[in-house]
Amino acid sequence: MRIRISHETVYHYDVPPTGVTQLLQLTPRNHDGQYVLNWRIDLSEDCLLHQHEDAFGNITHSFSAEGPFDALSVTVAGEVDTHDTHSVVSGALERFPASLFLRVTALTRADAAIADFAQNTRAAAGSDRLVLLHALLKALYLEIKFDTDPTHVATTAAEAFALRRGVCQDLTHIFIAAARQLGIPARYIGGHFHRADGVTAQEAGHAWAEAYVENLGWVGFDPTNGIGTTEAHVRVAVGLDYLGAAPVRGTRYGGSGETLQVAVHVKQAHRQMQN
C-alpha cells in the first residue's frame, strides 16, 4: 500500500509570544515493510530546522522561532510504501534490550484493576505469549469504548481503565500496563493509520503498542481497532509511553491565549505505472 500523509499543527495566539522552541517527532524511518518515499517539514516562520536522533533512534527535529507572531504552523507531508509483515516488526533500529520496555512509567502504571484484568486474561488464555497478547487485545477492544471526551494527554492507564473509555493513546497505555504486569516487554508506538472506511480526515495521529515475543521479536497490536498491525499502519516514533513518542512538544516564551488546531489526512496514494 502506498500511503500519503499530511499532518498540520497550527497555533494561534491572542498575545504574540517573543519566541517558540519545539521538538518534533513526525518523521518515519525505513524498516522491513515500511519505506519512506518522500517526506518534508514546512514551518510558517523563517528559522533553522535541526535533525537529530533520540535515544530510541526516533528521527527528531528541533527549531526556535523568534517572535512576535500571531500564529505558527508546522506541516509535514509525504508518502510511505508499506507491506504486510503479519504484525512482526523487523529491520527497525533497536538500541536497547527488550527488557528495558518492562519499565513502568506514570502513564502506564497498572493499578489493582488492571492487574486483575491481566491475570484473568492469562488464566483464560494460557501461558503462550502470542496467544495471551491476542487475548489481551481482544478483551481490551471489547472492554474499552473509544470516546474523545473524557480523557486528555495526561490521563493515566488506570484512570482510563476505570472510565472504560478513551482514545487510542489510552487503550495503548492500558495494553502496555497489562502486558508489563504479566512480565511482557511492551512499548508505545506513535504513527498513522489508513482507515478502510474511506475517512481520510483525522483529528490526530494514531497510536498502538508493540510487545516482545521470544523467537519472533516485536509484534504490533492495535487495541483501538482490535487488530494486529497491518500495511495500513505507518510507524513513526517509539517510546515507553506517549510522552516519549509525542509528535510535538515545546515551550512558548511570553504571549498568552494559545489555541491549537491539528489536521491530519491519511489516504491511499495511487502508484504511477511505467511502460
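The values are calculated or read from the model by the stated rules, or taken from the named source; none is laboratory data. Nothing here was measured: the structure is a model prediction, and the numbers come from that model. Note that we place each Cβ from the backbone using ideal geometry, even for glycine, and neighbour counts take in every protein chain shown. Protein only, heavy atoms only, side chains kept; ligands, DNA and RNA dropped before computing areas. Shrake-Rupley method; radii C 1.70, N 1.55, O 1.52, S 1.80 Å.
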Computed over the chain, the relative contact order (Cα-Cα under 8 Å, seq sep at least six) in percent reads 30
For Thr151, Thr200, Thr251, the accessible-area ranking with a 1.4 Å probe, largest leading, is Thr251, Thr200, Thr151
Low-density loop trypsin sites (Lys or Arg not before Pro), segment 90-120, at most 13 other Cβ within 10 Å, DSSP non-H/G/I/E/B, are Arg95, Arg103
Magnitude of the Cβ-charge dipole (Lys and Arg +1, Asp and Glu -1) of segment 35-130 about the Cα centre, nearest 20 debye, reported as 640
To the nearest 20 debye, segment 176-267 has a Cα-centred charge dipole, built from +1 on Lys and Arg Cβ and -1 on Asp and Glu Cβ, of 200
In whole percent, the fraction of accessible protein surface over the chain that belongs to carbon or sulfur atoms, probe radius 1.4 Å, stands at 50
Around Ala211 (Cβ within 15 Å, Cβ-to-Cβ, excluding Ala211; K/R +1, D/E -1) the net charge comes to +1
The local net charge around Tyr11, scoring Lys/Arg +1 and Asp/Glu -1 for residues other than Tyr11 whose Cβ lies under 10 Å from its Cβ, equals -1
With 0.36 nm assigned to each residue of separation and the Cα-Cα distance removed, Gln261 to His152 gains 37.7 nm
Counting only protein heavy atoms and rolling a 1.4 Å probe, one gets per residue an accessible area for the chain in Å² of 48
Computed for the chain: size of charge dipole around the Cα centre, +1 on C-beta of each Lys and Arg, -1 on C-beta of each Asp and Glu, debye to nearest 20, value 620
Here, chymotrypsin sites (Phe, Trp or Tyr not before Pro) of segment 190-274 satisfying both criteria (DSSP loop; at most 10 other Cβ within 10 Å) are none
Everything considered on the Cα gyration tensor (a ≥ b ≥ c; rounded for a/c under 1.5, else prolate if a/b is larger than b/c, else oblate), segment 29-115 must be described as oblate
